[in-house]
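Student: Quick one: the structure is below, questions incoming.
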Amino acid sequence: MPANPNIPVIAIDGPSASGKGTVAQLVADKLGYHYLDSGALYRIVALAAQQQQVIWSNAQALGALAKALNISFKDGEIYLNDALITELVRTEEIGRGASEVAVHTPVRAALLDLQHNFRTPPGLVADGRDMASVVFTDAKLKIYLTASVEVRTERRYKQLKSKGLNADYDKILADLQQRDLRDSARSASPLIQTPDALLLDTTQCDIQQAVDFVLIAYKKLA
Ligand code: C5P
């Protein structure tokens, strides 16, 4: 039974670079709800492990590390042991590390309470891979947001370029394909579209259309 069953949750799951984070944040802003970027938690575990020289394949050590994390979120920034890490967790390397540490059951278990704690009034929009299937199974609205891997690669490529960073289309494509496979094929909380989730394919639509789709679907439930 969830700790706060009366507080509404909108769960948005989907593969890497599908735009779900941006859509989830905008929906949360529009509704005045809280926002949980659950991927950031796995990224933080990967970064903390790197800093403490724990390898990303050591399930038990990573589980203990995840349990003991001292994280805070303030004004859109992320702090680990009071050090600002917002930019550090967003690198491609830490994204890859996140998908490696996320396969371990002890890590997923350690992050569960942390995620449930985001469910506070007036409501929550949560994005990730297992928001609908595991973490918030009683979510009022469940969305599976995806786009073709080519379009996702293109978006990630432009995003990196616009930040003045190095971007190699073929490398990004290969990396996304590898991450899709790892996220969908793992035994612990794999990425799936639950039967009660609405499919939102953004291959041919922009962010605003995706946000409107979610808001309209949510309004219909009221
Ligand atoms: O969403 P983002 O790309 O930041 O997530 C990084 C990685 O964390 C994903 O590739 C996935 O392996 C993992 N993750 C997860 N479950 C979630 C959110 C993210 O396994 N709910």
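The values are calculated or read from the model by the stated rules, or taken from the named source; none is laboratory data. Bear in mind that the values here come from a model prediction, so they are computed numbers and not experimental data. Quick reminder, even Gly has a Cβ in these numbers, built from the backbone with ideal geometry, and neighbours come from all protein chains shown. The protein model used for the area step is the full one, side chains on, heavy atoms only, and it has no ligands, DNA or RNA in it. Shrake-Rupley method; radii C 1.70, N 1.55, O 1.52, S 1.80 Å.
Student: In this structure, does D168 turn out to be of a type in the set (D, E, K, R), in contact with a helix residue (DSSP H, G or I) (Cβ under 9 Å, 6 or more places away or on another chain) and without any contact (Cβ under 8 Å) to a residue 12 or more places away in the chain?
Tutor: Answer is yes for this residue.
Student: Further question: Can you find even one residue in region 88-97 that is of a type in the set (G, A, S) and surrounded by 15 or more Cβ atoms within 10 Å (Cβ to Cβ)?
Tutor: Looking for residues that are of a type in the set (G, A, S) and surrounded by 15 or more Cβ atoms within 10 Å (Cβ to Cβ), one finds at least one in region 88-97, hence yes.
Student: I'd like to check something: does region 46-61 contain any residue that is within 16 Å of the ligand (Cβ to nearest atom) and among the β-branched types (V, I, T)?
Tutor: Scanning region 46-61 turns up no residue that is within 16 Å of the ligand (Cβ to nearest atom) and among the β-branched types (V, I, T).
Student: With region 83-201 as the region, which helices (runs of 4 or more DSSP H) entirely inside it contain at least 3 residues that are near the ligand (Cβ under 9 Å from one of its atoms)?
Tutor: 92-101, 105-116, 169-185
Student: Scan region 16-40 for residues that are part of a helix (DSSP H, G or I) and either near the ligand (Cβ under 9 Å from one of its atoms) or surrounded by fewer than 22 Cβ atoms within 10 Å (Cβ to Cβ) (or both) and jot them down.
Tutor: K20, G21, T22, Q25, L26, A28, D29, K30, L31, S38, G39, A40 - these are the residues of region 16-40 that are part of a helix (DSSP H, G or I) and either near the ligand (Cβ under 9 Å from one of its atoms) or surrounded by fewer than 22 Cβ atoms within 10 Å (Cβ to Cβ) (or both).
Student: Among the residues of region 202-217, write down those that are among the aliphatic types (A, V, I, L, M) and either part of a loop (DSSP other than H, G, I, E, B) or loosely packed, with under 12 Cβ neighbours inside 10 Å (or both).
Tutor: Passing the criteria: only I216.
Student: Can you tell me which residue among E92, E150 is modelled with pLDDT of 95 or more and closer than 26 Å to Q193 by Cβ?
Tutor: The unique qualifying residue is E150.
Student: Given the conditions (1) among the acidic types (D, E); (2) under 25 Å from F213 (Cα atoms); (3) open to solvent by 50 Å² or more (accessible area, probe 1.4 Å), report the number of the one that D13 does not fulfil.
Tutor: Condition (3) is where D13 drops out.
Student: Are any of the residues in region 41-63 under 19 Å from I207 (Cβ atoms), open to solvent by 30 Å² or more (accessible area, probe 1.4 Å) and touching a residue at least 12 places away in the same chain (Cβ under 8 Å)?
Tutor: no
Student: Could you please find all residues in region 67-87 being in contact with a Phe, Trp or Tyr (Cβ under 9 Å, 6 or more places away or on another chain) and crowded, with 20+ Cβ neighbours inside 10 Å?
Tutor: I85, the sole residue that qualifies.
Student: Also, I was wondering about something else. Answer yes or no as to whether R182 is under 29 Å from L31 (Cα atoms) and not aromatic (F, W, Y).
Tutor: Here the answer is no, as R182 does not meet what is asked.
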